[in-house]
1. Just one of (1) within 14 Å of chain A (Cβ to nearest Cβ); (2) part of a loop (DSSP other than H, G, I, E, B) trips up B:Pro317, so point out which.
2. Within the stretch A:48-83, track down each residue that is within 14 Å of another protein chain (Cβ to nearest Cβ) and part of a loop (DSSP other than H, G, I, E, B).
3. Where the second residue is aromatic (Phe, Trp, Tyr) and part of a loop (DSSP other than H, G, I, E, B) and the first is over 17 Å from B:Ala117 (Cα atoms) and in contact (Cβ under 8 Å) with a residue 12 or more places away in the chain and lies in the stretch B:1-28, which pairs have Cβ atoms under 9 Å and are six or more apart or on separate chains?
4. Among the candidates B:Leu281, B:Leu256, single out the residue that is more than 14 Å from chain A (Cβ to nearest Cβ), open to solvent by less than 40 Å² (accessible area, probe 1.4 Å), in contact with an Asp or Glu (Cβ under 8 Å, 6 or more places away or on another chain) and at pLDDT 95 or above.
5. Say we look at the stretch B:111-133 and pick out the residues that are touching a strand residue (DSSP E or B) at 6+ places or on another chain (Cβ under 6 Å) and more than 27 Å from B:Leu226 (Cβ to Cβ); which of these is least open to solvent (accessible area, probe 1.4 Å)?
6. Need a quick list: strands (runs of 3 or more DSSP E) entirely within the stretch B:1-96 having at least 1 residues that are open to solvent by less than 50 Å² (accessible area, probe 1.4 Å) and either away from every other protein chain (no Cβ under 14 Å) or on the phi > 0 side of the Ramachandran plot (or both).
7. For B:Ile325, state whether it is among the hydrophobic types (A, V, I, L, M, F, W, C), part of a strand (DSSP E or B), under 27 Å from B:Val96 (Cα atoms) and not assigned by TED's automatic domain parsing to the domain that holds B:His129.
8. Run down B:Ser314, B:Ser318, B:Ser331 and say which single residue is within 23 Å of A:Asp70 (Cβ to Cβ) and open to solvent by less than 40 Å² (accessible area, probe 1.4 Å).
Amino acid sequence: MSETEIPANLKYSAEDEWARDEEGRVTIGITHYAQDQLGDIVFVELPEVGRALEAGEVFGVIESVKAVSDLYAPVAGEIVAINGDLESQPELVNADCYGSGWMCVIQLADKSELQSLLDAEAYGRHVQERDH
Amino acid sequence: MTAVRRTPLYEAHVRLGARMVDFAGYAMPVQYTSIISEHEAVRKHAGLFDVSHMGQIEFEGPAAISTAERLLSRPIESLRTGGVRYALLCNDHGGVVDDVTVYRTGEQSLMLCVNAANIEKDFSWVVEHAPENAAIRNASDETGLLALQGPASQSILADLTPTDLEDLRRYRFTTGPVADRKAMISRTGYTGSDGFEIYVRASDLEEVFEALLERGASKGLEPAGLGARDTLRLEAGMPLYGHELDDDTSPLEAGLGRFVEPKPEGFLGSNAIEQLRANGLSRQLVGFEVDGKGVARAGYEVEKSGKIIGSVTSGSPSPSLGKSIGMAYVSTEHARVDTSLDIVIRGRRVAAHVVDIPFVPTPGRTRAKAPPP
């Protein structure tokens, strides 16, 4: 897996979300592998700003032409921002999943929770094990 | 569990970077690059599909035609050599065993092209109902099938065959070489765009596939997978066996009444179908557009004023229309065009309304007001 597919500076969940921590504000999206598996994304449903999430809770839905899939919160906290561009341009998730295709920002409830996420290397192994 | 089977193009699909899925027991490409771009290639230029998983059942001998006449929902005697007809194989209670295309290959011979999932069932069904002097043969394994679909199809195919394609009308077929391999060329398809289905020997399939892709590339031809095939056929309002059709669904409910034609002797299932026609239908297949957000998928419930009135059989975003569309069985009183409905999408009621099928104009229906071929 290359750096563009699994950037080294991010954390990952086993459910194929990535997390980028900026002093407790954690931006969430889905990984390159996830968007590739889904194919053309046509619809992303995101939660309201202000909603409190438990880790592992379903916070949204992502639909491609062929499939529908839940989005799981990798960490607990409050939603402080969502990517409104995805409403009219869900294809941004395919085009730039680690950039303009981000989903939401969670204000962390407990900073230590980030430690439970996978690093790039561990996530890369996780993806490869699933593929074989 | 039986092993997943492969078509002769399996290696070629993998080389082209296809994502392979199990469909009807075959490893098939669902997409090469993206369903939407392959869909658009077919609508604007052309796409090439491997549909070798589909089955071919040949009838031959003095009783071939009369056997087919008794089993199929449309006249077969009157089908001339070189003609193709879409028809239904029905069971005693008027349900659909399969929907097939019938090729009149000669005075005493014909071929049925059947759905991959139904090959064994159809073959047993036909053999069971055929007299001794009709030779019935399952030619599925030795037959390869490509679908070349889209407005550029004729121009692309003309580069690889001396056969006159200009005069090959829709629902007609001819024989002639394609890329120097023996082929049967049929002006038919399952996309709602103009195009051809090309039958070749399984052993010649890869040569023909590669030749078409190479020669067609400059005219916008792309390999296309089952994902695009499904969105294309849905836009064209064509049923998919196992979704809109099954052993317990009548062709009348599926809106296929025009493919059930009266015959002096009737056909297997015709009594049950006529009885249903006389009694009236309690449910009907409708097309719908989703007005709200989301994609209506097969199995989702359809409601009217909070009451369940049916369920979705197929649903997808429509790349051509930019809307979410689908088909559903609903109680007859709610089947009129413009009727507002709710689709229950993951526990949420999302507004939709009934629209005419097909969703997009198709060559078969835009041309003339001629009866179906």
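1. Among (1) within 14 Å of chain A (Cβ to nearest Cβ); (2) part of a loop (DSSP other than H, G, I, E, B), the lone unmet condition for B:Pro317 is (2).
2. A:Val65, A:Lys66, A:Ala67 - these are the residues of the stretch A:48-83 that are within 14 Å of another protein chain (Cβ to nearest Cβ) and part of a loop (DSSP other than H, G, I, E, B).
3. B:His13/B:Tyr32; B:Leu16/B:Tyr32; B:Gly17/B:Tyr32; B:Ala18/B:Tyr32; B:Arg19/B:Tyr32
4. B:Leu256
5. B:Ala130
6. Once the strands (runs of 3 or more DSSP E) in the stretch B:1-96 are filtered for at least 1 residues that are open to solvent by less than 50 Å² (accessible area, probe 1.4 Å) and either away from every other protein chain (no Cβ under 14 Å) or on the phi > 0 side of the Ramachandran plot (or both), what remains is B:26-31, B:46-50, B:55-60, B:84-90.
7. Criteria met by B:Ile325.
8. Only one candidate qualifies: B:Ser314.
The values are calculated or read from the model by the stated rules, or taken from the named source; none is laboratory data. These numbers were taken from a predicted model, which means no experiment stands behind them. Neighbour counts are summed over all protein chains in view; Cβ atoms, including those assigned to glycine, are modelled from backbone coordinates with ideal geometry. Heads up: the accessible areas ignore ligands, DNA and RNA and are worked out on the full protein's heavy atoms, side chains in. Shrake-Rupley method; radii C 1.70, N 1.55, O 1.52, S 1.80 Å.
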